[in-house]
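Engineer: Mind having a look at this structure? Questions to follow.
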Amino acid sequence: MEEQHEDHGHSTAAWTGVGIILVGTAIASVAVVIPSLFLGIIGAAVIVAGVAAGKTMSMAGYGSNGHHAQGGSIVDAPDESGAGTVGKS
């Protein structure tokens, strides 16, 4: 029997969300170094956009349990999971 492992969010949705959030954090950090309310607001908006992008992509199936997840068996289409057509075109 295959051993079960936790996923820890290794998915396209998680990586995209975290990447956008990191860009927003960098912008907000620059806003602190050179006092700029405008950059601070832009950084905060980018952080919120990153959270929204990650959640939206997860709901669209790019999360760790979605049909676009990278782990598991190779299938041609999301609706063929568990079918006998694995690997056939």
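Engineer: When you look at Ser58, is it modelled with pLDDT under 95 and not in a helix (DSSP H, G or I), yes or no? Give the derivation first.
Structural biologist: Numbers: modelled with pLDDT under 95: yes; not in a helix (DSSP H, G or I): no.
When the stated conditions are applied, Ser58 does not pass them.
Engineer: Given the criteria at pLDDT 85 or above, surrounded by fewer than 18 Cβ atoms within 10 Å (Cβ to Cβ), touching a helix residue (DSSP H, G or I) at 6+ places or on another chain (Cβ under 6 Å) and not hydroxyl-bearing (Ser, Thr, Tyr), does Gly40 qualify? It would help to see each step written out before you state the result.
Structural biologist: Numbers: at pLDDT 85 or above: yes; surrounded by fewer than 18 Cβ atoms within 10 Å (Cβ to Cβ): yes; touching a helix residue (DSSP H, G or I) at 6+ places or on another chain (Cβ under 6 Å): yes; not hydroxyl-bearing (Ser, Thr, Tyr): yes.
So Gly40 fits the description; yes.
Engineer: Here's a follow-up. Does Val32 satisfy being more than 15 Å from Tyr62 (Cβ to Cβ), surrounded by fewer than 17 Cβ atoms within 10 Å (Cβ to Cβ), modelled with pLDDT of 90 or more and β-branched (Val, Ile, Thr)? Break it down into steps so the answer makes sense when it comes.
Structural biologist: Values: more than 15 Å from Tyr62 (Cβ to Cβ): yes; surrounded by fewer than 17 Cβ atoms within 10 Å (Cβ to Cβ): yes; modelled with pLDDT of 90 or more: yes; β-branched (Val, Ile, Thr): yes.
Judged against the criteria, Val32 is a match.
The values are calculated or read from the model by the stated rules, or taken from the named source; none is laboratory data. Please read these numbers as outputs of a predicted model, since none were measured by experiment. When we count neighbours, we look across all protein chains shown, and the Cβ atoms used for this are built from the backbone with ideal geometry, even at glycine.
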